[in-house]
Structure formats: structure tokens, C-alpha cells
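Asks: One structure, as C-alpha cells, below. Some questions next.
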């Protein structure tokens, strides 16, 4: 007797619902990773020493490999730029003017300037929230007085 219900074509599960809702068990590892780890167990020091020797000998691939492991890739550079103090809304213009001037002189990249501008924006929001809170407290104090 054959099954008359056809398999659903395309996506058999509703959006957001997996065919394996619990997924892979926490801490479980792929068999290939386990096999590679077993082969390399106890050999890491010897292999590392050999890679360094090859790099010393001028092997460009070994040199790149060793350097990639020793030096982490730089995501951002340290920036020698002092953002002017921001104590009130009046200081925001001076801060942004300093950021723009640093970009114009090449002291900051446009991406770095964007990060500083975001920092200034956070200050703007904090100042706005503080001002709002002070005004609200003043209004509530006025209403509470008979």
C-alpha cells in the first residue's frame, strides 16, 4: 500500500519553526574537529616550533601564519585626540568643531570622526534627559504648592 500524501515542496516548516527545535546539544562537537584534535594532541608545541623555524628560514607562508597567530589583527588604531570637555549644551558646538578640524587636518579618519560624533550625540541625549528631568521636577513642585 503506497502513501498517498505527497511530501510538501519547498519549505515544510512554518516560518520561525525549525525541524529540530532543540538543535545540536550544548557542548557537542563535530566529529572532524574531534578527530583533528586527537591527531594534534601533544604535537602542538613541536608543530609550532617547526612553523617558527620555517618562518625564520624565509618561508613566506609560515611567516604569515606565525605573525597572524602572534599579532591579533588590528581593528582600530589608538587615536591621539582629546575631545573638548562637554559640560552643557553650549559645549557641543565646540566639540563637533574640534572633530571636524581633526578630520580636515588628517588627525582623524572619517570613520573615527563618526565614532566621536556618536559620543557627542550620547552627550546630547544625556543633557536633554537631565534638562527634561529638571523641568519636570520644577513643574511638579509648582503643582504641589497650593
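No lab work stands behind these numbers, since they all come straight from the coordinates. None of these values were measured; they are calculated from a predicted model. Cβ coordinates were reconstructed from backbone atoms using ideal geometry, including for glycine residues, and neighbour counts include every protein chain displayed.
Asks: Among (1) 17.5, 55; (2) 30.3, 89; (3) 21.0, 68, find the value of Rg and Dmax of the Cα atoms in Å that was calculated from the structure presented, and write down its label.
Replies: Structure-derived value, by its label: (2).
Asks: Let me ask something else. How far apart, in nm, are the 7 Å Cα→Cβ label points at residue 15 and residue 142?
Replies: Rounded to a tenth, the inter-label distance reads 4.9 nm.
Asks: Using only DSSP helix segments of four residues or longer, with each worth -39500 (n - 2.57), what per-residue ellipticity at 222 nm results for the chain after dividing by its residue count and rounding to 500?
Replies: Details: 5 runs with 83 residues, N = 146.
Rounded to the nearest 500, the figure is -19000 deg cm²/dmol.
Asks: Within 10 Å of each residue's Cβ, count the other Cβ atoms and sort 49, 75 from fewest upward.
Replies: Values: 49 10, 75 5.
Placing the least packed residue first, the sequence is 75, 49.
Asks: Enter the Cα centre distance for the pair segment 19-36 and segment 63-85, rounded to the nearest angstrom.
Replies: Comparing the Cα centres of segment 19-36 and segment 63-85, I get a distance of 34 Å.
Asks: Between residue 125 and residue 100, with labels modelled 7 Å along Cα→Cβ, what's the label distance in nm to one decimal, could you check?
Replies: 2.3
Asks: Under the 0.36 nm per residue contour assumption, what length would be gained going from the current alpha-carbon distance of residue 38 and residue 132 to full extension? Don't skip to the end; give the middle numbers.
Replies: Values: separation 94, 0.36 × 94 = 33.84 nm, distance 6.22 nm.
So the extension gain works out to 27.6 nm.
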